[in-house]
Every structure is written in C-alpha cells, then in structure tokens.
1. May I ask for log10 I(q)/I(0) of region 187-262 at q = 0.11, 0.15, 0.21, 0.27 Å⁻¹, from a Debye sum over the Cα atoms as equal point scatterers with solvent left out?
2. Just to check I understand the Karplus step: with θ = phi - 60° and J = 6.51 cos²θ - 1.76 cosθ + 1.60, what whole-Hz values come out for region 160-168, glycine and proline as x?
3. At most 15 other Cβ atoms within 10 Å and a DSSP loop assignment: could you name the chymotrypsin sites (Phe, Trp or Tyr not before Pro) in region 284-321 that fit?
4. For region 439-496 and region 77-100, what is the centre-to-centre distance using only Cα atoms, to the nearest Å?
5. Quick one: net charge around VAL216, please, counting Lys, Arg +1 and Asp, Glu -1 for every other residue with C-beta under 10 Å from its C-beta.
6. Give the residues of region 338-367 whose amide nitrogen is closer than 14 Å to a point set 7 Å from the Cα of LYS326 in the direction of its Cβ.
7. I need the shape label for the chain. Rule: rounded when a/c is under 1.5, else prolate if a/b > b/c, else oblate, with a, b, c from the alpha carbon gyration tensor.
8. Measuring from label point to label point, each 7 Å out along Cα→Cβ, what is the GLU351 to ALA339 span in nm?
Amino acid sequence: MNQQRLFVRKIIYFSAIALLLFPLFLLSQPATTRSEGGLLARLRSDAGLTEANLGQIDPTSASMKLATFGLHGAATTKLWSNAIGYKEREDFTNFGATLQQITYLQPHFVKVWDFQAHNVAFNISVEFDDYRDRYHYVKKGLNLLKQGIRYNEKEPKLLRALAQFTGFKIGRSDEKKFYRVMYREDDDFHAPPRNQNPLADTRYRRPEALRDNWLVSKWWYREAENLVLNRLASYGTMNPFLVHSDPPRQQMQYAEAIEKDGEFGSKAKQAWALSSDEWQDYGARDIPTTLGFSVRLGQVERFRQLRDEYFQELNDEVSELRDARKQQVLDNLTAEELAVWQKPPDERNLEEITLAMDVENRLNISLEELVEGLPEAERQRALHLKERYDYANDRFNMIEKYRDVVNYSYWERRAVVEQAADTIAARKNIYLGKKAYREGDLPAARKYFEKGMQLWSEVLAKFPMLLDEYVMVSDLMTMVQAYQEILAQTRKDGSRQLPENFELQVVVDKYDEFHGAKTISKPALDAD
C-alpha cells in the first residue's frame, strides 16, 4: 500500500513539473528576429539589459557561458584565483591568458575589467626594469579597459577608469617624461588596424589627432559625462559634482604639463584660458545633491547673502521673545548656578565648568522653539521666513561642501592667474633655470631662478589670495627649495641660507604656518 502511494505521489510530482515547463517556456523564451520572445526577454529589452543593449556581442563569450552550464560565476572565481597566483609567480603569459578567459565568461562584470586593467597597468608594469617594457604593460591595461567598454558601452565607470588611467599613469608616474612622448607618438595605439581596435563598431570615435594624454583623458571623461546627461546611464554611486569637475580639471592638467614641457607661448595661455572658461561652465551647471535638489557651485555668494538676510529678518522677528525666554531662564537659576554663571570663565573649576555649560545650553534657545512660541499672527510670518532661511542655508551648505571637495576657489583663481604675462614669464624663467642646472651652468641657473622669483613676488602682490591656498604655497616652496640647492652649490661655504630681504620670504613664512614648524630645506630640482 505504501509503495502504491509513493508511486502515485511521484506521478503527481512529475506531472506538475511537466505542466510547469510550459509556462516556464513562455516566460523565458529567447527573442529572435521574428519574435520578441517571452516575458523575461521583453522585460530585459525594455530595461536595456539585453547584451545588444549593453554593448557588442561576442560569440566566443556566449559559447563559453553555455559550455559551463550556468556555472560561469564559479568558473570566473576559480580563474580569478588562478590569475592572482600567476601574477605572484610572475608568470605573465598565463596571467594574460587567464584574464582573457575571465573576460569571456563575464564580459558584463564591470569590476573584472577595472580591477584587472589596474592590475596590469599599475602593478605588473612596475615589475620590469626598462621603461619601454613598463609602457607596453601600461598600454595593455588601457586596451583591456577598451575591450571592457566594447562590451559595456553605456557603463560610465569604465570610461572614467580609462580616463583616469590615461591621465594619471601616463602623466603622473615617475616615467612620465618618457611616457608622454611615447604615448603621443604611438601610432599603433592611436590608429590600430580595424581588426586590432578594441573599440571598432562602438559609439566611441576619438579624433586621432588628439594624442596628448591629458586631452585624451579629458575626452573620455566628457564621454562618460555625456552618457549621464543624455540619460543613457545614471550617476549610480558616482558623485555628480566629481563627474562634471573632471573634464575641466584635465584641461588644467594639460596646461600645467605643456609648461613643464617648455611651452610658454600663446599655446599655454590659450590652454589656461580654456581651462578658466570650462571651470566657469562647471560652476554654472546644475549638480544633483543627496538632499533631492540641485545646486550650482558658482552661486555660493548668492546663497550666502540670501541666508544671512533671512537669518537677520528671522532674528529680528524673535529677538524680543528670545530676550524674554533668556531672562526667564536666568530668573529660575539656583543661587549656586547664578554664582557660577557670574564667575569669570578662567576662574571656574571642572565642576563649575560643567554647571556653566548646562546653563549655557538652557540659554541657547533654538529658532524652531522661538518661532513656535510667537503669537499666531507673528508666527505665520516667522514660519515663512524660516522656510526661506532653511532653503538658502541648505543650498549654501551643500555648495560649500562640494566646493571644498573639488577645491573650487583655488582652481578658479589659478586658471585666471596662470594666463597673466608675469605668471607665464615667471614659470618660463624657473624652467630655464632648472634646464641650466641640469646642463651644469650654475651661474645661469641662479640668474634665471632669481628673475623667476622676482616675477612671482609681483604675481603674489597682484593676487595675494593665492597665499591662502596650500597647493600653490607648496608648489612655490618646492621652487624655493630648488633655489636653495643652487645657492649651496654656488657659495663657497655651501650655505643654503636664503638672502636677506628674500622676495618670497612670505611664501616660506606661509609654508611654515601651514606646517606649524620651521621649513627643512631639501633639493627639489628633479621634481619635474
């Protein structure tokens, strides 16, 4: 009897499974050229999640995923572990092959491309002694990101990673002097044959003439920005104020770089002028915030003024009530509390300080409490003023926060100052001084440095606000320290002591103020 019941139960289960196969087939039917497919296929298409929506389709990738019977996630984890092992053993041939297998299995896993491209460009490249071999692996990392972009065309994080690697690794590494030239002259990288171009048939068509690494970086940042602006992608976890600040910042990096390369004519001035224009455009852009409203970083003074005006009006509205409430608190103090409160702060002991702080907290009556305590007729006007104050204050605080993160004021001033003739001439003289030093002409080096520092003192006299910026003061201090090294090699006693009435003593003093200690001079002539 039991055997019969078990058999019937199995028949019921198998029948249910068979019946479920039909709705599962209808739900998961793939799309074809003649049919939109099942419900899941239509939902993927509507949400833009099909492989065709994400980027190029690779038959090899699709075949490998089918061959793993749905276990491509586990296979990827195993291959990732293998890749780490190959890297540690410096088996770069198998490392590269394993990376290729990972990308076949998980072409839409963005972190794979980002992580492994960084691994190749930053970690593996430094394993080689020759800078040409290092550059080769930096290129491999960049091309790995390009492959990732091919399969994930609408993923701004990959575009931003490529922009960051191109700018930072080519333009900021210890080998930047060689890398920038090699990158600019690399025809195979900038104009590869079609069958070797990872971005062939994608939406991205970078102008071939655009070869400076900072300008290429800026171009990719712009493309990532455009994806968001055109609603092809969302900000996701990216900070909007950083997404929009990066393109103009790369333009500034370009302007800095060509001056370090010895370009001080109209090209440098135009580069800084464009930087200034783009930074102003950035300040006028609507930036979404985490509080649900948008702000413009260039409107900080407007909202500061509005906030202060509304606060003053609101303060006037509740001033009488505040005075009355404070007096009420004072009248209700105990004799001990009143004695402590009237006692000079520097004469209070620890217990009295605590007691005085408690009294102060009771006297510090919030605006909300005061507004609620007003008569009905006055309360409505005060509430309206409070709403306006909160509106202006919230926006002012958010603008200030974002401006601090991107150092908005500094770069706004810097882009203007760098266009001035005296600034360009000052940087040119320092550049020539460093060049003369490297060539062994110490008298000429000292002459150029002294002329350059004299010009810098004139620049600072016109733009004294630059001394409030640590980045600028630190940059100028590096120049002063280089001058001290020249002094040591041109004086008989080898002294690095700066001369009396030194033109940039204000820079030294400001640097010491920032660091809270006396500056220790050090050689800085090879900093660039």
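Since every read-out is calculated from the coordinates, none of them should be taken as a lab result. What you are looking at is a predicted structure, and each value in this text was computed from that prediction instead of being measured. Counting neighbours? That spans all protein chains shown, and the Cβs are built from the backbone with ideal geometry, glycine included.
1. -0.37, -0.65, -1.02, -1.20
2. The phi angles translate into 5, 5, 5, 4, 5, 4, 5, x, 6 Hz.
3. Counting only loop positions with at most 15 other Cβ atoms within 10 Å, the chymotrypsin sites (Phe, Trp or Tyr not before Pro) in region 284-321 are PHE293.
4. The distance from the Cα centre of region 439-496 to that of region 77-100 comes to 49 Å.
5. +3
6. Residues 360-367 fall inside that zone.
7. The shape class here is oblate.
8. 1.1
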